[in-house]
Amino acid sequence: MVVAQMVNLNLTGGGIYDALIAQAAVKAEVNTLLTLNPNHFNRLGEDIARLVQVPQ
């Protein structure tokens, strides 16, 4: 599933790692995905964007 999403979004380089991290977060059923680069994860879809937070 995650590989198909990477292809559909035309992800390259670090975007591939971001997609893998996001998929791991979904699989682990986390409530929050902390990142200093929210745009890297928000582009991966609404399900991921709901988890993304920037640390204070």
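The values are calculated or read from the model by the stated rules, or taken from the named source; none is laboratory data. Bear in mind the structure is a predicted one, so any value in this text is a computation, not a measurement. Ideal geometry is used to build each Cβ from the backbone, glycine not excepted, and the neighbour counts take in all protein chains shown.
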Collect the residues in segment 1-25 that are aliphatic (A, V, I, L, M) and touching a residue at least 24 places away in the same chain (Cβ under 8 Å), keeping them in residue-number order.
-> Leu9, Ala19, Ala22, Ala25
Got a number for residues in segment 22-44 being more than 19 Å from Gln56 (Cα to Cα), out of contact with any helix residue (DSSP H, G or I) (no Cβ under 7 Å at 6 or more places or on another chain) and of a type in the set (A, V, I, L, M)?
-> 3
How about the chain: which of its residues are of a type in the set (A, V, I, L, M, F, W, C) and in contact with a Gly (Cβ under 8 Å, 6 or more places away or on another chain)?
-> Met6, Leu9
Just one of Ala19, Ala49, Ala28 is of a type in the set (Gly, Ala, Ser) and at pLDDT below 95; which is it?
-> Ala19
